[in-house]
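The values are calculated or read from the model by the stated rules, or taken from the named source; none is laboratory data. The structure displayed is predicted, hence computed values, not measured ones. Neighbour counts are summed over all protein chains in view; Cβ atoms, including those assigned to glycine, are modelled from backbone coordinates with ideal geometry. Heavy atoms of the whole protein, side chains included, go into the accessibility calculation; ligands, DNA and RNA do not. Shrake-Rupley method; radii C 1.70, N 1.55, O 1.52, S 1.80 Å.
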Amino acid sequence: MAIKFDKQTFQLHTKNTTYQLQIDTHGRLMHLHYGKKIEDTDLSYMLDEGIDRSYNINPYEVAFESNYFLNALPQEYPTLGYGDFRTPAIILKNADGTTALDLHYKEHELVEGKYELPGLPATFGEAESLKITLEDTASGIEVDLLYAVFVDKDIITRATIVRNVGYETITLKKVQSLSMDFLYGEFDLIHFQGHHVAERLYERTPIGHHLQHIGSNRGISSHQHNPGFILANPGTIENFGDCYGFNLVYSGNFNANIEKSETDSTRVTLGLGDDTFSWKLEAGQSFTAPEAVLSYSANGFAQLSQNFHKMVKENLSRSKFTNTKRPVLINNWEATYFDFTGEKLVEIANAAKAIGVDMLVMDDGWFGNRFDDNRALGDWFVNEEKLGGSLKGLVEKINALDMKFGIWFEPEMVSEESKLFKAHPDWAYRIPGRNPSMGRKQLLLDLSKTEVQDYLYETISAVLDSTNIEYVKWDMNRAITHWFNGELPTDQLGELQHRYMLGLYRLFDKVTSRFPNILFEGCAGGGGRFDLGMLYYQPQIWTSDNTDAINRLKIQYGTSFFYPISSMGSHVSVTPNHQTGRSTPLDTRFHVAMSGTFGYELDLTKMSTKEKEDSSRYTALYKQYQQLIFSGDYYRLTSPFDTKQITAWQITAQDQSESLLTVVATDVIGNSPNIYLKLQGLDEQADYEINGKTYSGSALMNVGFKAMQQYTGNFPSAQFYIKRK
Ligand code: DGJ
């Protein structure tokens, strides 16, 4: 049994971790431990008890004892109004307008298998679940705290359901998926910030006595902050130290607060974004908050990342392609932008076929009057004039080359200049009496409306049914503003952001269920929605619109903390690069793009003979290594944020039989020192072959490997295939 209940104490055990909760003598649920595995031991001796903390507030029933202060106790699901002044997990407005809430244990249930969250993406698979119900009888509110334990993965998930069991309507103002109190300790916050074309850049800051907040109010999880973040002891590095990973299975507005209190405890909360959130809960109704995923590693970040990677691949991403090889693709976006014809695509496909590419993806510009980004979104009807014939005809030409065909959509959007907007102006988010804010000259469709979801489902399905389409890139290119839905009562407009996500998830569910043999790739102006919610439906996401290999080192490094390599879209593009103007060698562009779902994003017809030869070789090499790249354990050997100007990473097969080492020099100095690296994950007892030479695993891991010497030129790189003998 991974979950036990005895003497008012819940123990949740994974292979290497323990999570402990206790119902205290006053009936409140306390959080006693999350971290390294311990035997079933009552840890309540750790609590702040019997101390009269001056100037603190205590609940009425202990008013004369003055030694029980919620502000100094580690609570599992903290509320407002009873003397805990730290960040609450839940805020609601009672029927009488007050916000006080005092949750007490009511009952619990242990369940075999993984709980489900209808309508929301969530983890699945072999797990044990626990439901603890808390209640506030004065409010008429019950809160179910759901837990699932994935023993072998060292993963624990949480979710929250709020139920109105009273007679009057209440309004939820904030419902977080998790709250966790650490009684003591120094922590660094590691999170992943950025902007368009520079997503998920690593940032590490100490947690002081203040509130640190990350989140999104853009309607997407965002380029700016990712819902995945880490708390680590200050000395923690890749293979040493305590660290905790937190992430949310959600793709819209989110909110994470990290706060160190006056008694030096640290509270983490994570859940739906709450700036404008509200949810009307009538008697008998319930509200389900999205799932949060946690992991702890006593051995540094590499282990933590590997726990998340395995969870995504085995318990979250439900596509049949998640754990299979994927086609090497050529996407025409950076090759042509909007300026293409069917003939040009066939030319590109021919050139691609010659270097071993498996699939042509036709990006933006194939529909309606879409000759630039000012118009036509929503008109998902093939522009046969532009393609020089039907879509079916084009697909047949590509298939005749023995290549697959993929297509781009941006279903959530509508252009003002489109047939769809003219027919249904009320489907776009606009506030009466105000001009809408524009982003890329486009507006959002109100996905909270069932008729909009159904229209998109039918229109997308019609295109996908019309011919042999084997891949869809689902794009989304602006943040959401001007939330308004004239059919919702005004006191429910704060529900719209979450209703949008529920509508989008319903649409994804329908489309991906109807087309299980189509490979879906997520995209939001590159990596603006790279999160666990999207990965539930789509096994891969276009990591960034930035294809510069050197910028990609940082983007892919940051992304790798929570997301597997097999989920990162990564393409070789032209030099000088379109986003940065930088020139990099073809080898380096290949080496970087090979750590992902590899493809091309340039006009292959313009490649020199030498470039074509190199490309053939690299395409073949990627296909040879793809299984290893997708299923191996990922190790970040150095950081692109360090000053050493070397970025190195390694992917090692779980059975330690092979490994792939990649090194990129981001700067070159004259008469350079050699680059030595200690390798990871190999079998110390085995011998390995690298470029025809034999090395002992023990030496490679404990002494090192000379990866580069006297290197010259701009951004040189090297890659080594390591094979057990
Ligand atoms: C943004 C995407 O990230 C690009 O790859 C491309 O598909 C464009 N949108 C097309 O508009």
Q: Calculate the all-directions average of the projected area of the stretch 638-724's alpha-carbon convex hull, and give it in nm².
A: 5.6
Q: Compute from the Cα atoms of the stretch 556-597 the Rg and the Dmax, the latter being the longest Cα-Cα distance, and quote both in angstrom.
A: 11.2, 31
Q.
Report for the stretch 329-631 the percent antiparallel among DSSP-assigned beta bridges with both residues inside it, nearest 5.
A. 20
Q: Once you've got the Cα coordinates, tell me which of LYS386/LYS473; LYS325/LYS353; LYS320/LYS404; LYS7/LYS106; LYS153/LYS725; LYS644/LYS723 are over 24 Å apart.
A: LYS153/LYS725; LYS644/LYS723
Q | the stretch 480-546: radius of gyration over Cα atoms, expressed as a fraction of 2.2 N^0.38 Å | A | 1.33
Q) If each of LYS106 and GLU49 carries a label point 7 Å out from its Cα toward its Cβ, how far apart are those two points in nm? A) 2.7
(Q) Step by step: find N for the stretch 200-359, compute 2.2 N^0.38 Å, then divide the Cα radius of gyration by it. What's the final number? (A) 1.44
Q: At 7 Å along the Cα-to-beta-carbon direction for both PHE5 and SER583, put a label point, then send me their distance in nm to one decimal.
A: 6.9
**Q.** Reachable aspartates and glutamates from LYS15, criterion Cα separation under 15 angstrom, eight or more residues apart if same chain
**A.** GLU39, ASP40, GLU126, GLU128, ASP152, ASP154
Q | Dipole of the stretch 638-724 [Lys/Arg +1, Asp/Glu -1 at C-beta], most positive-end residue of MET701, THR638, ILE675 | A | ILE675
**Q.** Calculated FRET value between ASN350 and ASP509, using beta carbons and R₀ = 30 Å, to 0.05
**A.** 0.20
Q: Provide, for q = 0.08, 0.09, 0.15 Å⁻¹, the log10 of I(q)/I(0) from a solvent-free Debye sum over equal Cα point scatterers in the stretch 329-631.
A: -0.36, -0.45, -1.23
Q | Where labels lie 7 Å past Cα in the beta-carbon direction, separation of LYS37 and PHE64 in nm | A | 4.8
Q. Going by average Cβ neighbours within 10 Å, how do the peptides 168-178, 44-54, 548-558 rank, with the highest at the top?
A. 548-558, 168-178, 44-54
Q: Order the peptides 105-112, 267-274, 457-464 from the highest to the lowest mean number of other Cβ atoms within 10 Å of their residues.
A: 267-274, 457-464, 105-112
Q: Using Cα positions and a limit of under 20 Å, work out the lysines in reach of LYS441, with same-chain residues fewer than 8 apart set aside.
A: LYS419, LYS422
Q: Take the Cα of ASP339, step 7 Å along the line toward its Cβ, and report every residue of the stretch 376-401 whose backbone nitrogen sits under 20 Å from that point.
A: 385-388
Q | Rotationally averaged projected area of the chain (alpha carbon convex hull; nm²) | A | 32.6
Q) Which Cα, out of GLY273, LEU377, THR336, lies furthest along the positive dipole direction of the chain (beta carbon charges, K/R +1, D/E -1)? A) THR336
Q. Roughly how many percent of the accessible protein surface of the stretch 329-631 is carbon and sulfur, given a 1.4 Å probe and a whole-percent answer?
A. 50
Q) Relative contact order, percent, of the stretch 329-631 when contacts are C-alpha pairs under 8 Å separated by at least 6 residues? A) 18
**Q.** Label point 7 Å beyond Cα of LYS610 along Cβ direction - residues of the stretch 685-725 with amide nitrogen under 20 Å
**A.** 711-719
(Q) Once each part is reduced to its C-alpha centroid, what is the distance from the stretch 323-364 to the stretch 374-437 in angstrom? (A) 19
Q: Write down the percent of antiparallel bridges among all DSSP beta bridges whose residues are both part of the stretch 543-668, to the nearest 5.
A: 70
Q: Would you mind getting the accessible area per residue of the chain, heavy atoms of the protein chains only, 1.4 Å probe, in Å²?
A: 37
(Q) List the aspartates and glutamates whose Cα sits under 13 Å from the Cα of LYS173, skipping any in the same chain fewer than 8 residues away. (A) ASP274, ASP275, ASP491, GLU495
Q: Kindly state, to the nearest 0.05, the FRET efficiency for ASP426 paired with GLU116, given R0 = 35 Å and r defined as their beta-carbon distance.
A: 0.55
Q | Calculated P(r) of the stretch 469-617 - Cα pairs past 18 Å, % | A | 64
(Q) Sorting check: for 436-449, 493-506, which peptide has the highest mean count of neighbouring beta carbons within 10 Å, and how do the rest follow? (A) 493-506, 436-449
Q | Beta bridge orientation in the chain: antiparallel %, DSSP, nearest 5 | A | 85
Q. Using r as the Cβ-Cβ distance of LYS320 and ASP372, and R0 as 35 Å, what FRET efficiency do you calculate, to the nearest 0.05?
A. 0.45
